[in-house]
Ligand code: NAD
């Protein structure tokens with residue numbers, strides 16, 4: 001893996017950037033600089049959108065290719081990504097602090113599976129349908145590619161979240177300008193190399209690593225047809241306002257504060273369910289949008305549930321993200337750690353009971369580490385229970401009966417994920433169906449590429465993954481014949 005890049009991948013070539021501005025990612029496990037890449041500025045974004053526009057509009061270009069031809073390119077691209085799995089996993093973990101064992105499960109393998117899944121959908125989707133007209137004649141209903149896509153992703157799962165956009169866009173026949181977050185850029189260069197090696201046609205994929213300004217310029221660019229954004233709710237609202245003004249289709253995958261409902265019959269043996277519970281609540285150091293960070297426990301078993309999460313949190317090995325034994329790495333930046341520490345201070349001030357963690361772990365003087373933290377006796381209307389903390393911090397709240405649990409779960413400005421824990425999966429599913437979120441799991445949680453993923457309320461608009469995710473990159477034309 002190269003840690004230093006001097007050119008940007010735009011229009012199928014490695015181009016000199018418009019300025020000499022650099023992004024210098026830092027390893028959050030050590031605080032040391034990792035390397036440097038050019039920072040794309042507005043002029044680079046303009047060049048990238050022009051390249052994507054030309055690739056889309058060219059007669060016989062990507063949009064006009066047969067879906068089968070696009071699928072073949074996508075499968076070669078998936079193979080090239082798999083061949084670079086080691087580099088990609090290392091790049092992600094050393095930039096955002098994701099434990100390497102998680103990066104190897106989720107940031108490699110999963111994105112190429114998504115790419116192959118959409119290659120399959122490109123082959124099987126009916127893009128044209130002839131309907132007999134009610135008023136005589138017939139109507140050809142066509143699903144055509146939406147056009148040039150502006151894709152903007154955060155740092156927490158840079159590979160997965162990029163591929164949630166790139167794969168359906170490519171299957172539909174769209175071209176893409178992708179803006180990675182400045183905290184996680186090195187991996188995007190490996191993806192560009194894979195695209196080039198796979199023979200993805202020039203201009204179909206373009207990468208503009210940059211900050212908010214570059215992102216804002218891309219979203220409002222007159223030559224962009226569709227926006228796909230994953231990130232925080234405040235940034236999503238700002239982008240939605242711009243897209244509303246421009247009447248530009250937009251998909252928004254935003255923040256969350258999901259509930260984990262423990263039913264009174266749940267099996268809470270750590271040997272049996274500990275791994276699934278930790279995965280659903282602490283994955284990626286708490287820096288995962290769908291985590292069940294509000295644990296709802298029946299009063300009859302409240303003390304037991306608090307003890308369980310307290311001991312699970314204490315059992316998690318904290319360490320360097322590149323160490324295979326690590327389950328909790330550092331937070332992405334010093335600023336993010338300060339933000340999380342601010343929430344811990346607020347929780348204490350609000351009167352919540354800290355049962356474990358709350359500080360910086362001993363023996364980790366370098367890097368932006370924080371102890372896995374659990375609060376009990378939390379009020380659902382408090383800041384701790386309502387705001388997205390984005391760190392390894394759980395709160396455990398008591399409920400009276402199942403109706404009360406559902407009420408508390410739904411008493412949130414967010415609606416992304418959630419879980420129900422029970423010995424009776426049927427009963428769990430019945431409770432899960434009453435929760436107002438885009439996704440929810442019973443005794444486990446892992447977004448499956450075949451199923452639409454996304455949120456309601458402050459968690460966003462639209463869906464990624466599944467056939468629904470492909471529809472977001474198509475528009476419909478009716479041709480009366
Ligand atoms: P962020 O909103 O600050 O930034 C996300 C991306 O958007 C970055 O690339 C950033 O440069 C860009 N950006 C920010 N403001 C912009 C603007 N006005 N116009 C255009 N681009 C802009 O979020 P973050 O801190 O990088 O990521 C963490 C957030 O992402 C959390 O809230 C998390 O819940 C959310 N997230 C959501 C999902 C999901 O699928 N729902 C998945 C992962 C992360």
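The values are calculated or read from the model by the stated rules, or taken from the named source; none is laboratory data. This one's a predicted model, so the numbers in the text were calculated from it and none came from an experiment. Quick reminder, even Gly has a Cβ in these numbers, built from the backbone with ideal geometry, and neighbours come from all protein chains shown.
With respect to residue 145, is the statement that it is over 23 Å from residue 35 (Cβ atoms), modelled with pLDDT of 95 or more, crowded, with 21+ Cβ neighbours inside 10 Å and assigned by TED's automatic domain parsing to the domain that holds residue 55 true?
yes
Any chance you could count how many residues in the stretch 222-252 are more than 22 Å from residue 160 (Cα to Cα) and either free of Cβ contacts under 8 Å to residues at least 40 places away in the same chain or out of contact with any strand residue (DSSP E or B) (no Cβ under 7 Å at 6 or more places or on another chain) (or both)?
Residues flagged as more than 22 Å from residue 160 (Cα to Cα) and either free of Cβ contacts under 8 Å to residues at least 40 places away in the same chain or out of contact with any strand residue (DSSP E or B) (no Cβ under 7 Å at 6 or more places or on another chain) (or both) within the stretch 222-252 amount to 11.
Residues to consider are 101, 112, 94; find the one that is in contact with a strand residue (DSSP E or B) (Cβ under 6 Å, 6 or more places away or on another chain) and either modelled with pLDDT of 95 or more or crowded, with 17+ Cβ neighbours inside 10 Å (or both).
Only one candidate qualifies: 94.
For every residue, the table says whether it meets (1) surrounded by 24 or more Cβ atoms within 10 Å (Cβ to Cβ); (2) farther than 30 Å from residue 308 by Cα; (3) at pLDDT 95 or above.
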site	(1), (2), (3)
214	no, yes, yes
228	yes, yes, yes
232	no, yes, yes
235	no, yes, yes
243	no, yes, yes
248	no, yes, yes
251	yes, yes, yes
256	yes, no, yes
259	yes, no, yes
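I'd like to know if the stretch 325-342 contains one or more residues that are under 24 Å from residue 100 (Cβ atoms), more than 22 Å from the chain's Cα centre (by Cα) and assigned to a loop (DSSP other than H, G, I, E, B).
Yes; the residues of the stretch 325-342 include at least one that is under 24 Å from residue 100 (Cβ atoms), more than 22 Å from the chain's Cα centre (by Cα) and assigned to a loop (DSSP other than H, G, I, E, B).
Would you say residue 89 is crowded, with 24+ Cβ neighbours inside 10 Å and under 27 Å from residue 226 (Cα atoms)?
no
Table: residues versus (1) assigned by TED's automatic domain parsing to the domain that holds residue 101; (2) away from the ligand (no atom under 16 Å from the Cβ); (3) in contact with a helix residue (DSSP H, G or I) (Cβ under 9 Å, 6 or more places away or on another chain).
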residue: 308; (1), (2), (3): no, yes, yes
residue: 313; (1), (2), (3): no, yes, yes
residue: 316; (1), (2), (3): no, yes, yes
residue: 330; (1), (2), (3): no, no, yes
residue: 335; (1), (2), (3): no, no, no
residue: 339; (1), (2), (3): no, no, no
residue: 346; (1), (2), (3): no, yes, yes
residue: 362; (1), (2), (3): no, yes, no
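The conditions are (1) closer than 30 Å to residue 267 by Cβ; (2) outside the structural domain of residue 273 (by TED's automatic domain parsing); (3) more than 15 Å from the ligand (Cβ to nearest atom), and residue 447 fails exactly one of them. Which is it?
Exception for residue 447: condition (3).
Report those strands (runs of 3 or more DSSP E) wholly inside the stretch 125-175 carrying at least 2 residues which are farther than 19 Å from residue 236 by Cβ.
Per the criteria, 128-132, 138-145.
Taking the stretch 30-59 on its own, how many of its residues are farther than 23 Å from residue 84 by Cα and buried (at least 23 other Cβ atoms within 10 Å of the Cβ)?
Residues in the stretch 30-59 being farther than 23 Å from residue 84 by Cα and buried (at least 23 other Cβ atoms within 10 Å of the Cβ): 10 in total.
Which one is farthest from the chain's Cα centre (by Cα), of the residues in the stretch 229-248 that are assigned to a loop (DSSP other than H, G, I, E, B) and more than 9 Å from the ligand (Cβ to nearest atom)?
247
Please determine, by comparing only the residues of the stretch 203-212 that are closer than 17 Å to residue 41 by Cα and buried (at least 22 other Cβ atoms within 10 Å of the Cβ), which one is nearest to the ligand (Cβ to nearest atom).
Among those that are closer than 17 Å to residue 41 by Cα and buried (at least 22 other Cβ atoms within 10 Å of the Cβ), it is 210.
Return yes or no: is residue 271 at pLDDT below 95, more than 10 Å from the ligand (Cβ to nearest atom), under 30 Å from residue 401 (Cα atoms) and outside the structural domain of residue 152 (by TED's automatic domain parsing)?
For residue 271, the condition - at pLDDT below 95, more than 10 Å from the ligand (Cβ to nearest atom), under 30 Å from residue 401 (Cα atoms) and outside the structural domain of residue 152 (by TED's automatic domain parsing) - is met.
List pairs: first residue in the stretch 463-481 and without any contact (Cβ under 8 Å) to a residue 40 or more places away in the chain, second residue outside any strand (DSSP E or B) anywhere in the structure, Cβ distance under 6 angstrom, at least six positions apart or on different chains.
Within 6 Å, the pairs are 466/450; 466/451; 466/452; 468/452.
Among the residues of the stretch 45-61, write down those that are assigned to a helix (DSSP H, G or I) and out of contact with any strand residue (DSSP E or B) (no Cβ under 6 Å at 6 or more places or on another chain).
45, 46, 50, 54, 57
Quick grid of which residues meet (1) within 10 Å of the ligand (Cβ to nearest atom); (2) not in a helix (DSSP H, G or I):
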site: 189; (1), (2): no, no
site: 194; (1), (2): no, no
site: 201; (1), (2): no, yes
site: 224; (1), (2): no, yes
site: 227; (1), (2): yes, yes
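Return the residues of the stretch 466-480 that are more than 20 Å from residue 239 (Cβ to Cβ), touching a strand residue (DSSP E or B) at 6+ places or on another chain (Cβ under 6 Å) and surrounded by 19 or more Cβ atoms within 10 Å (Cβ to Cβ); say none if nothing qualifies.
474
What is the number of the single condition among (1) touching a residue at least 24 places away in the same chain (Cβ under 8 Å); (2) within 25 Å of residue 173 (Cα to Cα) that residue 69 does not meet?
So the condition that residue 69 fails would be (1).
With respect to residue 255, determine if the residue is within 11 Å of the ligand (Cβ to nearest atom), part of a loop (DSSP other than H, G, I, E, B) and within 22 Å of residue 411 (Cα to Cα).
In short, yes.
What is the number of the single condition among (1) closer than 21 Å to residue 167 by Cβ; (2) touching a helix residue (DSSP H, G or I) at 6+ places or on another chain (Cβ under 8 Å); (3) touching a residue at least 60 places away in the same chain (Cβ under 8 Å) that residue 438 does not meet?
Just one mismatch for residue 438, condition (3).
If residue 223 satisfies all but one of (1) buried (at least 23 other Cβ atoms within 10 Å of the Cβ); (2) over 29 Å from residue 86 (Cα atoms), what's the number of the condition it fails?
(1)
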